[in-house]
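The values are calculated or read from the model by the stated rules, or taken from the named source; none is laboratory data. Keep in mind that what you see is a predicted model, and the values were worked out from it rather than measured. For neighbour counting, all protein chains shown are included, and Cβ atoms are generated from backbone atoms with ideal geometry for every residue, glycine included.
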C-alpha cells in the first residue's frame, strides 16, 4: 500500500471550520470544534486561514517525551497514535508538539490528536473547498513537500551532495 499523508492548503481554506465540526462529531458526537483534532487558525484581518493537524512525524517529539510510552507509531497507516489506556494526562506531549496539533481533554484528563480516522479522514470529506486532503505521498505537487512527505513516510532518499 502506498503511503498517504494529510495535507492542507491555506490558499483554498475559507475559514468555514466544517472540518473541525465533522471531526468533533466523528470522535465525540458533538457538533462543536472544541474536541476536534484539526483546528483552523485565522490570521490577519480574516482573509487567511491555516488548517492545523498532526503531521504524523517520522521522529515524533510527542512520542519521545511520553513517560508512559502511550504514544506510538502505527506503521500500517504511517500515523502516530495515543493509547488512551496508558495516557496519564501529564501533557508533556502537548508541550513537545512542534505544530500545536496535540490537544488535551480536561474532563477526561487525556491527550488527543488526529488519528486519520482509520484511513478515511472525516475532515477531508467535510471540506468543500478541498483545503484538506489525504493523498498518496507521491502525488504531492511541490518537490519540497514531496520530499518532506517522503521523510515522514520513511520513503525519502538522501540528496546527492
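What residue, of 76, 118, is at pLDDT below 95 and in a helix (DSSP H, G or I)?
The match here is 118.
Candidates 112, 35, 104: the one that is in contact (Cβ under 8 Å) with a residue 40 or more places away in the chain, over 24 Å from residue 135 (Cα atoms) and surrounded by 13 or more Cβ atoms within 10 Å (Cβ to Cβ) is 35. Screening region 121-137 for residues that are assigned to a helix (DSSP H, G or I) and crowded, with 18+ Cβ neighbours inside 10 Å and picking the one that is modelled with the lowest pLDDT gives 137.
A single member of 5, 21 is surrounded by 16 or more Cβ atoms within 10 Å (Cβ to Cβ), at pLDDT below 90 and within 19 Å of residue 130 (Cβ to Cβ), and it is 5. When residue 42 is tested against the conditions (1) assigned to a loop (DSSP other than H, G, I, E, B); (2) more than 16 Å from the chain's Cα centre (by Cα); (3) more than 26 Å from residue 81 (Cβ to Cβ), the lone failure is (1).
Under 16 Å from the mean Cα position of the chain (by Cα), at pLDDT 95 or above and closer than 27 Å to residue 135 by Cα: does that describe residue 95? Against the criterion (under 16 Å from the mean Cα position of the chain (by Cα), at pLDDT 95 or above and closer than 27 Å to residue 135 by Cα), residue 95 does not qualify. Please verify whether region 41-51 includes one or more residues that are touching a residue at least 40 places away in the same chain (Cβ under 8 Å) and over 22 Å from residue 123 (Cα atoms). Taking every residue of region 41-51 in turn, none turns out to be touching a residue at least 40 places away in the same chain (Cβ under 8 Å) and over 22 Å from residue 123 (Cα atoms).
Restricting attention to region 50-89, the residues that are farther than 23 Å from residue 137 by Cβ and out of contact with any helix residue (DSSP H, G or I) (no Cβ under 9 Å at 6 or more places or on another chain) add up to 7. Specify the residue that is nearest to residue 138 (Cα to Cα); the eligible residues are those in region 1-26 that are part of a helix (DSSP H, G or I) and in contact (Cβ under 8 Å) with a residue 24 or more places away in the chain. So, considering only residues that are part of a helix (DSSP H, G or I) and in contact (Cβ under 8 Å) with a residue 24 or more places away in the chain, the one nearest to residue 138 (Cα to Cα) is 19.
Taking the listed residues 90, 62, the one that is part of a loop (DSSP other than H, G, I, E, B) and in contact with a strand residue (DSSP E or B) (Cβ under 9 Å, 6 or more places away or on another chain) is 90, with no other qualifying. For region 99-115, the tally of residues that are in contact with a helix residue (DSSP H, G or I) (Cβ under 6 Å, 6 or more places away or on another chain) and assigned to a loop (DSSP other than H, G, I, E, B) stands at 1.
Looking at region 47-85 only, could you name the residues that are surrounded by 14 or more Cβ atoms within 10 Å (Cβ to Cβ) and under 19 Å from residue 109 (Cβ atoms)?
Going through region 47-85, the residues surrounded by 14 or more Cβ atoms within 10 Å (Cβ to Cβ) turn out to be 49-58, 60-63, 65-66, 70-73, 77-82.
Correct list: 62, 65, 66, 70, 71, 81, 82.
Applying a threshold of 9 Å to beta carbon distances and a minimum spacing of six or more residues, or different chains, the list of pairs starting in region 70-95 at a residue that is at positive phi and ending at one that is assigned to a strand (DSSP E or B) and crowded, with 20+ Cβ neighbours inside 10 Å reads 78/4; 78/5; 89/111; 91/111.
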